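Quick notes on the structure that follows.
The values are calculated or read from the model by the stated rules, or taken from the named source; none is laboratory data. The shown structure was predicted, so the numbers you read here are calculated from the model rather than taken from an experiment. Note that we place each Cβ from the backbone using ideal geometry, even for glycine, and neighbour counts take in every protein chain shown. For the accessible areas, the whole protein counts, side chains as well, though only heavy atoms, and no ligand, DNA or RNA atoms are used. Shrake-Rupley method; radii C 1.70, N 1.55, O 1.52, S 1.80 Å.
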Amino acid sequence: MAEEIIAGLDIGTTKVSVLIGERDGDELNILGIGTAHSDGLRRGVIVNMEKTIQAIAQAAETAERTAGVEISTVYAGIAGEHIQSVNSRGAIAIPRGDLGIAAKDIARAFEAAKALQIPMDRQVIHLLPQEFIVDDQRGIPDPKGMHGVRLEVLVHIVTGATTSVQNQFKCIKQAGLELGEMVLDSYASSYSVLSSDEKELGVVLLDMGGGTTDLAVFFEGSIRHSSVIPLGGRNITSDIAIGLRTPLDQAEEIKRQHCSAVNGASEQEALIEVPAVGGRSTRKISSEQLSSIVGPRMEEIFSFANREIKKSGYDDLLGAGVVVTGGGALMPGTVELAEQVFGMPAQLGVPQKVSGLVDADTAPLHATGIGLIRYGMSQQESNEWSGKSQNGMLGRMAGRMRQWFDDLS
Ligand SMILES: Nc1ncnc2c1ncn2[C@@H]1O[C@H](COP(=O)(O)OP(=O)(O)OP(=O)(O)O)[C@@H](O)[C@H]1O
Ligand SMILES: [Mg+2]
């Protein structure tokens, strides 16, 4: 696999997809996509290894065939209700402040931040620096070489249940792939749908998937808060199935064809035909009836998200508003409803600067997959650029994580 070709593996609750991309200057050219039906996850967590392995292998094979290249290493997304995030800080004294802060001092500050109680049954997925403080000087992105006697780092720590992380790792291996790095889904999506200006100004990313809705808050260029809400498009589908007493696959079809998050967002048809369970008869219902099922569930998901945004403490600072992506965001009226519930400007999150095999209309479905490739590219760039940079250091930590996993398998 050439250096410039990177693969992302998005293991979702409704679909497993592998995307293969190639850097083309500033653009990303998608050479291959393989998608397989996912039936091995519940609320973002792998519950059936066999089905998940098969789906990964099938998606990888299709992507390789369409791209005409073989892949070995993938950047894989991870999500699910076992994910937890906290902000932490680590402070250390610099023994020889007159020599300037060295990479090993930065590493010690990270270690100190990580020393906070991470339970034995949890595994660190990300240690993302927000800012460094040298003596009393705040807001330093990279303190290397600076003079000072005290170094502090503020970090966002993302952890997952060790068992869930291990299960995912095993599935990837058994599907015949090597893991480059595991990346939190919403963090990966931020690499494809958010601009650096938005992250600087303050923005919330909401990735509405089938099983979960993932949220990440950015301010002054760094991630400040993240969380996973265990509700998604599948809940809406089952609400429709229960409310209209129709089979799940029909409910999914009705949702995609006729539903909107707010009244009047899509073309209103007089009556919609609904097949009954068992296929014996059909009934007709109005689009208002449909809205009365879908609207409250969408509102519920957004209210949970709103609570998380308030919890982050950045709710008044998000100049760039809300960006909604993922398959769930394809429902007409989603952006409108988001503006109402969050009281901020909202927009649909579409992967930026991509060409090739991605269909523009459904691109939000691939926000995570494309973001994983972008993340992989940025890691490779920072590794090339310096083995000792902040990112390089995080890269080495990822290397340690890989080693840890290799020992396990
Ligand atoms: N046009 C549409 N209108 C409404 N919902 C849609 C539409 N197209 C897809 N969806 C919904 O999007 C969801 C799938 O989104 P996505 O592919 O982002 O999820 P996933 O990555 O598989 O799941 P997760 O991220 O939760 O693990 C499904 O629930 C599907 O019903
Ligand atoms: Mg997803």
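For every residue, the table says whether it meets (1) more than 16 Å from ligand 1 (Cβ to nearest atom); (2) modelled with pLDDT under 95; (3) closer than 30 Å to ASP121 by Cβ.
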| position | (1), (2), (3) |
| --- | --- |
| MET1 | yes, yes, no |
| ASP10 | no, no, yes |
| THR14 | no, yes, yes |
| SER17 | no, no, yes |
| ARG42 | no, yes, yes |
| HIS82 | no, yes, yes |
Residues within region 27-57 that are under 25 Å from LEU215 (Cα atoms), outside any loop (DSSP other than H, G, I, E, B) and away from ligand 2 (no atom under 15 Å from the Cβ), tallied = 1
Of all the residues that make up region 313-342, how many are more than 26 Å from GLY369 (Cα to Cα) and of a type in the set (Ser, Thr, Tyr)?
-> 1
Scan of region 115-127 for residues that are at pLDDT 90 or above and surrounded by 13 or more Cβ atoms within 10 Å (Cβ to Cβ), ordered by number = ARG122, GLN123, VAL124, ILE125, HIS126, LEU127
Filter region 220-240 down to the residues that are of a type in the set (D, E, K, R) and within 20 Å of SER85 (Cα to Cα), then identify the one that is nearest to ligand 1 (Cβ to nearest atom).
-> ARG224
Taking region 341-372 and keeping only residues that are open to solvent by 50 Å² or more (accessible area, probe 1.4 Å), touching a residue at least 60 places away in the same chain (Cβ under 8 Å) and part of a helix (DSSP H, G or I), one is left with LEU365
Those strands (runs of 3 or more DSSP E) lying entirely in region 128-214 with at least 2 residues crowded, with 20+ Cβ neighbours inside 10 Å and in contact with a strand residue (DSSP E or B) (Cβ under 6 Å, 6 or more places away or on another chain) | 150-161, 178-184, 203-208
Options GLY209, GLY160, GLY202, GLY148: the member that is out of contact with any Ser or Thr (no Cβ under 9 Å at 6 or more places or on another chain) and within 16 Å of ligand 2 (Cβ to nearest atom) | GLY160
Which residues, counting only those in region 58-110, are outside any strand (DSSP E or B), aliphatic (A, V, I, L, M) and surrounded by 19 or more Cβ atoms within 10 Å (Cβ to Cβ)?
-> ALA59, ALA60, ALA63, ALA67, ILE71, ALA79, ILE83, ILE94, ILE101, ILE106, ALA109
